[in-house]
């Protein structure tokens, strides 16, 4: 019989290289804010192993790159079997996105 924690991944299992970027061709011409909402985000509670559900909101001002949306979706799907607190999770996602996208803000 499997227990809730038998198949839980660790944060080190997350592959940030799934995130892809594309050039933002309007740098210097247009300053925009990119707003992305992922309303069906899930991960696992590290205490109980039960699913946690959330809505992720990503806001940034692009510099040279924007995140490719399908790659972002695949990246976020990795968290569905990771035991992690949200306070830690949002900082990991932020670090990965900033590293790849290199936003203005």
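Overview of values
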{"quantity": "Qualifying position, being surrounded by 11 or more Cβ atoms within 10 Å (Cβ to Cβ), touching a helix residue (DSSP H, G or I) at 6+ places or on another chain (Cβ under 8 Å) and either at pLDDT 95 or above or over 16 Å from residue 102 (Cβ atoms) (or both), among 82, 22, 34", "calculated": "82"}
{"quantity": "Matching option when the condition is in contact (Cβ under 8 Å) with a residue 24 or more places away in the chain, within 12 Å of the chain's Cα centre (by Cα) and part of a strand (DSSP E or B), among 38, 78", "calculated": "38"}
{"quantity": "Residue 103 being surrounded by fewer than 16 Cβ atoms within 10 Å (Cβ to Cβ) and in contact with a strand residue (DSSP E or B) (Cβ under 6 Å, 6 or more places away or on another chain)", "calculated": "no"}
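The values are calculated or read from the model by the stated rules, or taken from the named source; none is laboratory data. Everything quoted here is computed from the prediction, not taken from an experiment. Please note: Cβ atoms are built from the backbone with ideal geometry, for glycine as well, and neighbour counts cover all protein chains shown.
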